[in-house]
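The values are calculated or read from the model by the stated rules, or taken from the named source; none is laboratory data. Keep in mind the model is a prediction, meaning the values are calculated, not measured. A quick note on method: Cβ atoms are made from the backbone with ideal geometry, for glycine too, and the neighbour counts reach across all protein chains shown.
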Amino acid sequence: MKRNRFIMAIDIGTTSVKCLVVDEKGAQISSGSKGYPIINRKPSWVEQNPTDWWNAVIHSIKQALNGVHAEDIAVISFSGHMSALVLVDEMGSPIYPSILIADTRSTNQTNYLRESYMDRFIEHTGNEPIDAFTVSKLMWIKEEEPDVFKRVTKFFFPKDYIRYQLTDRIGTDPTDAGNSLLYDSSKNEWIGGLITELELPKEIFPEIVATTDIFGEVTEKAAILTGLRAGTPVVTGGADMACSQIGTGAVLDGTVAITLSTSGQVVAAIPAPQQQGIGKVTFHPGAKPNSMYTMGTIFTGGLGVEWGYKFLYNKTKMTNADYEELGVLTEKMKQFQPGSNGLMFLPFLVGSSTPYFDPRDKAAWIGLTLHQEKALLMHSILEGITLNLLENINVLRDMGISVNKVNLGAGGSKNPVWCQMITDALGVDVSLLANKDGSAIGAAIIGGVGVGLFSSIDEATKKIVSTKDTIPYNPNKHKQYQTIFPNYQNLYHALNKYYHNT
């Protein structure tokens, strides 16, 4: 009997895992998901327990297999949140909580790297050292947890840990290796000289395997735990934003993708790091061989919307009723023009990322009065985040990247007011992605290429990634935003100076 050839994509996100099974056309066959906690042992620490990911993956795989036969899974692929450091001992067991991308405990190490090695990092990667990259986290462990560091046999990343659980083989891929700042994508190798100078043992650096290569097979032990078929091919997979670049269509030349999840991202393909973008956006190896993408990151994406609602309604968590009320607020927001009646929101609730990279930045409302309604306050929050997005888009434009075809995806793209606002601010028609799971779809495409279901990533992207609606921009509102934007930037710089003087 001829079996189906389905692809299982396992997306290890920052708050939950999603296991997605799709066919060769990208249509969803079944899925499973499960969340896990973020650990905050100290104010600037953001951690997770890798075993929580694995337990959630086991649950999600079993859930997904309720709708499909294990024998029909032709390949398993991965997407995982990037830059999160996983340390294991000689038994492959985690010996310290995973330090996530948002963790800023390594500020001292980052400052040292910037003062002593800035030019070297830019030369090899196009990036300046910031806390988000893994090298700072490794240096912190070496200096602050020496007993832990002595026990480290290998380090790798979230999707690598899950793949190790399935295959019993340790390694990583170029897209995650690049986020360490210790990988030279032009040579496809770890930067040995810099690693030696930083006194990091070379033996802890994992093997690098191409993103679409078959990395191994599901072991008997993993099959028993998950319900998968032993021997099922497992590809290497990629970092979440490298997968998202594929799943949102931004892997194709001329397409820019904006994703509105907890944070926001602006992603586009680029041949190499550009001087105009260094220190303003980040550059990363792509999933395709010898490819690269640039990324702007907005820490306050959906996070800002959720914070604003909780603040205005005195809530500690969001319920279904709250999301319904947010929908009512969205309808009320349609009455407001660009500028929110003079109310401006600076969206830096957790410091600023691109293009400023300043942890001292904070959020602020400018122009508050006695009788402003909640819908107007929420409108100003969306507008502040949108103007931060525009700053990132303008960096892409300064680098010569065409911003004429823009795909918009993730949860925030369900909000029609926000989508129209982004379209008007950018002055470009924006298309809504038909599938919101960009990272999972990208991982599925990587898996399909790995076992020959697709001839290439580009071919599969053109076949699977699609948009459903195009939102035209309003020229009059775009002109209004062109006037508002400089005022927003003036406020930012004035407040940034204030934060540095207090």
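What the table below lists for this structure:
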| read-out | value |
| --- | --- |
| Lone unmet requirement of (1) assigned to a helix (DSSP H, G or I); (2) more than 19 Å from Lys414 (Cβ to Cβ); (3) not polar (S, T, N, Q) for Lys317 | (1) |
| Any hit, segment 456-464, residues being in the same structural domain as Glu331 (by TED's automatic domain parsing), under 20 Å from the mean Cα position of the chain (by Cα) and either more than 24 Å from Thr211 (Cα to Cα) or of a type outside the set (A, V, I, L, M) (or both) | yes |
| Restricting segment 226-238 to residues that are in a loop (DSSP other than H, G, I, E, B) and in contact with a helix residue (DSSP H, G or I) (Cβ under 6 Å, 6 or more places away or on another chain), the residue that is nearest to Asp168 (Cα to Cα) | Ala230 |
| Residues being of a type outside the set (S, T, N, Q) and either in contact with a helix residue (DSSP H, G or I) (Cβ under 6 Å, 6 or more places away or on another chain) or part of a loop (DSSP other than H, G, I, E, B) (or both) - total across segment 296-308 | 7 |
| Filter pass, Tyr96 being among the aromatic types (Phe, Trp, Tyr), modelled with pLDDT under 95 and in the same structural domain as Leu225 (by TED's automatic domain parsing) | no |
| Residue among Val417, Val428, Val395 that alone is assigned to a helix (DSSP H, G or I), over 21 Å from the mean Cα position of the chain (by Cα) and outside the structural domain of Asp131 (by TED's automatic domain parsing) | Val417 |
| Condition met for Ile162 (under 27 Å from the mean Cα position of the chain (by Cα), assigned to a loop (DSSP other than H, G, I, E, B) and not acidic (Asp, Glu)) | no |
| Residue check, Ile122 in a helix (DSSP H, G or I), among the aliphatic types (A, V, I, L, M) and touching a residue at least 12 places away in the same chain (Cβ under 8 Å) | yes |
| Those residues of segment 182-220 which are within 14 Å of Arg169 (Cα to Cα) and free of Cβ contacts under 8 Å to residues at least 24 places away in the same chain, in sequence order | Glu220 |
| Segment 141-159, subset part of a helix (DSSP H, G or I) and basic (Lys, Arg), residue surrounded by the fewest Cβ atoms within 10 Å (Cβ to Cβ) | Lys150 |
| Matching residues in segment 451-480 - criterion: being in contact with a strand residue (DSSP E or B) (Cβ under 7 Å, 6 or more places away or on another chain) and part of a helix (DSSP H, G or I) | none |
| Any hit, segment 438-450, residues being in the same structural domain as Ser261 (by TED's automatic domain parsing), modelled with pLDDT under 95 and part of a loop (DSSP other than H, G, I, E, B) | no |
| Scope segment 112-121; condition touching a Pro at 6+ places or on another chain (Cβ under 8 Å) and closer than 15 Å to Gly193 by Cα; matching residues | Leu113, Tyr117, Met118, Phe121 |
| Some residue of segment 10-32 being farther than 20 Å from Asp240 by Cα, assigned to a loop (DSSP other than H, G, I, E, B), in contact (Cβ under 8 Å) with a residue 60 or more places away in the chain and in contact with an Asp or Glu (Cβ under 9 Å, 6 or more places away or on another chain) | no |
| Evaluation of Ala223 against (1) buried (at least 24 other Cβ atoms within 10 Å of the Cβ); (2) assigned to a helix (DSSP H, G or I) (one fails), failing number | (1) |
| Qualifying residue in segment 124-142 (condition: among the aromatic types (Phe, Trp, Tyr) and farther than 30 Å from Thr226 by Cα) | yes |
| Filtered residues of segment 19-70 (kept if crowded, with 16+ Cβ neighbours inside 10 Å, touching a helix residue (DSSP H, G or I) at 6+ places or on another chain (Cβ under 8 Å) and under 24 Å from Ser466 (Cα atoms)) | Cys19, Leu20, Val21, Val22, Glu24, Gly26, Ser30, Ser31, Gly32, Ser33 |
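Okay, residues lined up against (1) acidic (Asp, Glu); (2) surrounded by fewer than 20 Cβ atoms within 10 Å (Cβ to Cβ):
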{"site": "Asp72", "(1), (2)": "yes, yes"}
{"site": "Leu85", "(1), (2)": "no, no"}
{"site": "Met91", "(1), (2)": "no, yes"}
{"site": "Pro94", "(1), (2)": "no, yes"}
{"site": "Ser106", "(1), (2)": "no, no"}
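Conditions (1) more than 19 Å from the chain's Cα centre (by Cα); (2) in a strand (DSSP E or B); (3) modelled with pLDDT of 95 or more, marked per residue:
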{"position": "Ala56", "(1), (2), (3)": "yes, no, yes"}
{"position": "Gln63", "(1), (2), (3)": "yes, no, yes"}
{"position": "Ser83", "(1), (2), (3)": "no, no, no"}
{"position": "Glu90", "(1), (2), (3)": "yes, no, no"}
{"position": "Ala102", "(1), (2), (3)": "no, no, no"}
